[in-house]
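Below is one structure, written out as structure tokens; the observations come after it.
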Amino acid sequence: MTAEEKISVLLDKDEYGFDDLVMIMEVLRSEQGCPWDREQTHKSIRKDLIEETYEVIEAIDTDDPVLLREELGDLLLQIVFHARIEEEKDTFDINDVAGDVCKKLIHRHPHVFGEVVVENTDNVLSNWEKIKSEEKSRVTVTDKLRAIPPMLPALMRAEKVGKKAKCFDFADSEEVMDKVCEELAELSEAVNEGSAEEIEEEIGDLLLTVTSLCRKLKIDPELALSKATDKFIDRFEQVEGAVLSCGKDIDTVSNEELNRIWDENKHKNSKKN
């Protein structure tokens, strides 16, 4: 079917499905399609894939099904886009992608598609990891640690590394708290005496230890930091509002005054809670 014929088919429809999305991408990447879409590569749209993923997460976190539907569509578009780029090279297409993940799901759920018996979710996850390691030929714990994508958000990667390296872990949260204090002292020493490289190293050690503390306390470090950032923005808005209500510019107000307003609002918020 030519691009013109595909366009005609698409324009005659009132409702669309997955196959239509694939066809639209074929048209957009054709000579009769869109110049921008034709120019794109995996690397040029790499950031779009990341952004769309986070927009899906935002829709999930805000419990907005209308937004979630839209953002899942945008994320699906990115997947179809990447698959189309490879199809043009005759390496694989979107059906190969779907076929591979179907095979993977069947293989990794032997308790559903096989004879394996599981008692609970822990058994399922344990089997999943074991099968995955066999598929990827990951024999040692180090193999599994190095397989964690380095491009993950740093806190998320650190958390995953900690879980995989559970054979070499802190006994409990109290032990981690002691380590946090130790790392903080080493950071203080580096700030007073060390180079920028040493300070960076010690801050990294402190952050890594904090992720261990989160793991022991069953806290998601990404979520905890995100909530803390949201709280900061809310309180900053209150501070800025107080400054603006006095007819002042926040950039010209002293730190002492800003800290006083911050503490006042913090006290008010704690009383409300």
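Among 43/216; 166/227; 130/231; 218/266; 104/216, which pairs are too far apart, with a Cα-Cα distance over 29 Å?
Table pairs above 29 Å Cα-Cα are 43/216; 130/231; 104/216.
Whole-Hz Karplus ³J(HN,Hα) for the range 101-115, in order, using 6.51 cos²θ - 1.76 cosθ + 1.60 and θ = phi - 60°, x for Gly and Pro?
These are the phi-based 3J(HN,Hα) values: 6, 5, 4, 4, 5, 5, 5, 8, 10, x, 6, 9, 9, x, 9 Hz.
State whether the range 1-69 is rounded, prolate or oblate according to the following rule on the C-alpha gyration tensor (a ≥ b ≥ c being the square roots of its eigenvalues): a/c under 1.5 gives rounded; otherwise a/b larger than b/c gives prolate, and the remaining case gives oblate.
It is oblate, given that a/c is not under 1.5 and a/b is not larger than b/c.
Above 19 Å lies some portion of the pair distances; for the range 40-190, what is it as a whole percent of all C-alpha pairs?
73 percent
Once you charge only the Cβ atoms, +1 for Lys and Arg and -1 for Asp and Glu, what is the size of the charge dipole of the range 77-151 about its Cα centre, to the nearest 20 debye?
300 debye
From the phi angles alone, apply the Karplus equation (6.51, -1.76, 1.60; θ = phi - 60°) to the range 148-165 and give each ³J(HN,Hα) in whole Hz, x where the residue is Gly or Pro.
5, x, x, 7, 4, x, 4, 5, 5, 4, 4, 5, 5, 4, x, 5, 5, 9
Okay, helix-only estimate at 222 nm for the chain: each DSSP H run of n ≥ 4 adds -39500 (n - 2.57), divide by all residues, round to 500 deg cm²/dmol; what do you get?
-23500 deg cm²/dmol
Using Cα pairs under 8 angstrom and six or more residues apart, how large is the relative contact order of the chain, in percent?
Relative contact order for the chain comes out at 9 percent.
Once you mark the trypsin sites (Lys or Arg not before Pro) that are in a DSSP loop and have at most 15 other Cβ atoms within 10 Å, what is the longest gap between them in the chain?
That gives 90-165 as the longest site-free run.
Could you tell me whether the range 28-107 comes out rounded, prolate or oblate from its Cα gyration tensor? Rule is a ≥ b ≥ c as square roots of the eigenvalues, rounded for a/c under 1.5, then prolate if a/b exceeds b/c, otherwise oblate.
Oblate shape, in that a/c is at least 1.5 and b/c is the bigger or equal ratio.
Taking N as the number of residues in the range 114-244, what value does Rg over Cα atoms divided by 2.2 N^0.38 Å take?
1.39
So what is the relative contact order of the range 61-186, in percent, for Cα pairs below 8 Å that sit 6 or more residues apart?
Relative contact order comes out at 9 percent.
For residue 47, go through the aspartates and glutamates and keep the ones whose alpha-carbon is under 16 Å away, minus same-chain ones fewer than eight residues off.
37, 39, 55, 71, 74
Where a ≥ b ≥ c are the square roots of the eigenvalues of the C-alpha gyration tensor, would you call the range 170-273 rounded, which needs a/c under 1.5, or, failing that, prolate if a/b is larger than b/c, or oblate?
It comes out oblate by the Cα gyration axes.
On a straight-distance basis, which aspartates and glutamates could pair with residue 13 in a cross-link, Cα separation under 14 angstrom, same-chain partners fewer than 8 positions away excluded?
Cα-Cα hits under 14 Å: 5.
Compute the distance from the alpha-carbon center of the range 189-214 to that of the range 1-37, in whole Å.
Rounded to whole Å, the Cα centres lie 53 Å apart.
Can you grab the distance from the C-alpha centre of the range 119-177 to the C-alpha centre of the range 217-273, Å, no decimals?
Measuring centre to centre over Cα atoms gives 37 Å.
Eigenvalues of the Cα gyration tensor times 5, then square-rooted: what semi-axes does that give for the chain, in whole angstrom, largest first?
44, 32, 20
Determine the share of the chain's accessible area contributed by carbon and sulfur atoms, expressed in whole percent, with a 1.4 angstrom probe.
It is 55 percent, rounded to a whole number.
Accessible area per residue, 1.4 Å probe, Å², for the range 1-105: what's the number?
Here the per-residue accessible area is 69 Å².
The values are calculated or read from the model by the stated rules, or taken from the named source; none is laboratory data. Source: prediction; values computed, not measured. Backbone-built Cβ (ideal geometry, glycine too); neighbour counts: all protein chains shown. To get the accessible areas, we keep the full protein, side chains included, count just its heavy atoms, and leave off ligands, DNA and RNA. Shrake-Rupley method; radii C 1.70, N 1.55, O 1.52, S 1.80 Å.
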